[in-house]
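Notes to accompany the following structure.
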Amino acid sequence: MLKELQDLGLSEKEARVYLAALELGATTADKLAKQAKIKRPTAYVQLESLMKMGLMSTYEEGKKTMFAPESPELLKRLLANQQENLRTKESELSNMLPALMQQFASAGERPVVRFFPGKEGVAVAREEVLATKDKNIYIIFSPEKLSQVFSQKYLDEYSDRRRSLGIHSKGIFTYKEYFAHAGVDELTERRYLPPSELPLTVDIFIFDDKVAVHSLEGSMFGLIIQSSQIVRSLKLIFDFLWIHAKESVEIAKK
């Protein structure tokens, strides 16, 4: 019954002393301490607490101070008090909640970050790009590194799926040879920046309110960050790079 009394709100030592009192009846603090297996000074502290709850009483018998347990029925009152306290706290929380929610909202957007390890993780992150609702993606990446990780068949099928889904791709690439053979259509725009000006170590896909980052060197991984604030900032960087990048037609002529 020790645990049950604790569940009702008594501390472990309070419960020990009360159970000892129920077993012994009216007795001294020394005997209660011994029965409850606690030190005498500690027993006095617990007795004081139990008397405040109304579960113990005290009286003088000759030169001795006696302590007697009150009926366990009084535990119902203890539980009722706890329920009343809980209702009071619920009411206080209800009153505070609007202000707390306002403060929570004023703190601004909280980015959601998901991590996908390994080559499979990169593939998973790439799949989410194709689920774009806006049907526009902005890419900064090196096709050379990508082709070292994934087969040409996978890359071609991925591009075909993008087109079949009606997704417009606007990409800045750092692999010149790719431009000599890459096609451009109504759903595909490409420009080039030399690796010396844009030494990429990750690929970046900007879409909807998300950014997908793919690391293709060392410990490969895919990372997706959902944050409209981050997307706006990276889109500004992309637009700046796009203005300074060379068009694919210019590259093909060289």
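The values are calculated or read from the model by the stated rules, or taken from the named source; none is laboratory data. Given the structure is predicted, the values throughout are model-derived calculations rather than measurements. Here the Cβ positions follow ideal geometry from the backbone for every residue, glycine too, while neighbour counts run over all protein chains shown.
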Are any residues in region 107-158 within 26 Å of LYS176 (Cβ to Cβ), touching a Phe, Trp or Tyr at 6+ places or on another chain (Cβ under 6 Å) and not small (Gly, Ala, Ser), and if so, which ones?
VAL129, ILE137, TYR138, ILE139, PRO143, GLU144
Hey, does region 91-101 have a residue that's at pLDDT 90 or above and of a type in the set (D, E, K, R)?
yes
Read through the list (1) free of Cβ contacts under 8 Å to residues at least 24 places away in the same chain; (2) surrounded by 10 or more Cβ atoms within 10 Å (Cβ to Cβ); (3) outside any loop (DSSP other than H, G, I, E, B), then give the number of the only condition that SER71 fails.
(3)
Would you be able to say whether some residue in region 26-42 is charged (D, E, K, R), loosely packed, with under 11 Cβ neighbours inside 10 Å and closer than 30 Å to ILE225 by Cβ?
no
Name the residues in region 187-229 that are over 15 Å from TYR138 (Cα atoms) and among the charged types (D, E, K, R), would you?
GLU197, GLU217
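Small (Gly, Ala, Ser), in a helix (DSSP H, G or I) and within 45 Å of the chain's Cα centre (by Cα), is that true of ALA21?
Details: small (Gly, Ala, Ser): yes; in a helix (DSSP H, G or I): yes; within 45 Å of the chain's Cα centre (by Cα): no.
No; evaluated as a whole, the condition is false for this residue.
Give region 204-227 a look and list any residue that's within 12 Å of VAL129 (Cβ to Cβ) and outside any strand (DSSP E or B), or say none. Quick ask: steps written out before the conclusion?
Filtering region 204-227 for residues within 12 Å of VAL129 (Cβ to Cβ) gives 204-208, 210-214, 222, 224.
The one that is within 12 Å of VAL129 (Cβ to Cβ) and outside any strand (DSSP E or B): ASP208.
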Checked region 2-25 for anything in contact with a strand residue (DSSP E or B) (Cβ under 8 Å, 6 or more places away or on another chain), surrounded by fewer than 16 Cβ atoms within 10 Å (Cβ to Cβ) and of a type in the set (A, V, I, L, M); matches are LEU22
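Being hydrophobic (A, V, I, L, M, F, W, C) and more than 17 Å from ASP203 (Cα to Cα) narrows it down to one of LEU97, LEU130, so name that one. Let's see the steps before the verdict.
On the way: LEU130 fails: more than 17 Å from ASP203 (Cα to Cα).
Answer to the check: LEU97.
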Does region 104-119 contain any residue that is within 19 Å of ILE224 (Cβ to Cβ), under 28 Å from the mean Cα position of the chain (by Cα) and of a type in the set (Val, Ile, Thr)?
yes
Region 80-127, subset touching a Gly at 6+ places or on another chain (Cβ under 8 Å) and assigned to a helix (DSSP H, G or I), residue surrounded by the most Cβ atoms within 10 Å (Cβ to Cβ):
VAL122
For region 217-237, which residues satisfy the criterion of being in contact with a strand residue (DSSP E or B) (Cβ under 7 Å, 6 or more places away or on another chain) and among the aliphatic types (A, V, I, L, M)?
LEU223, ILE224, ILE225, ILE230, VAL231, LEU234
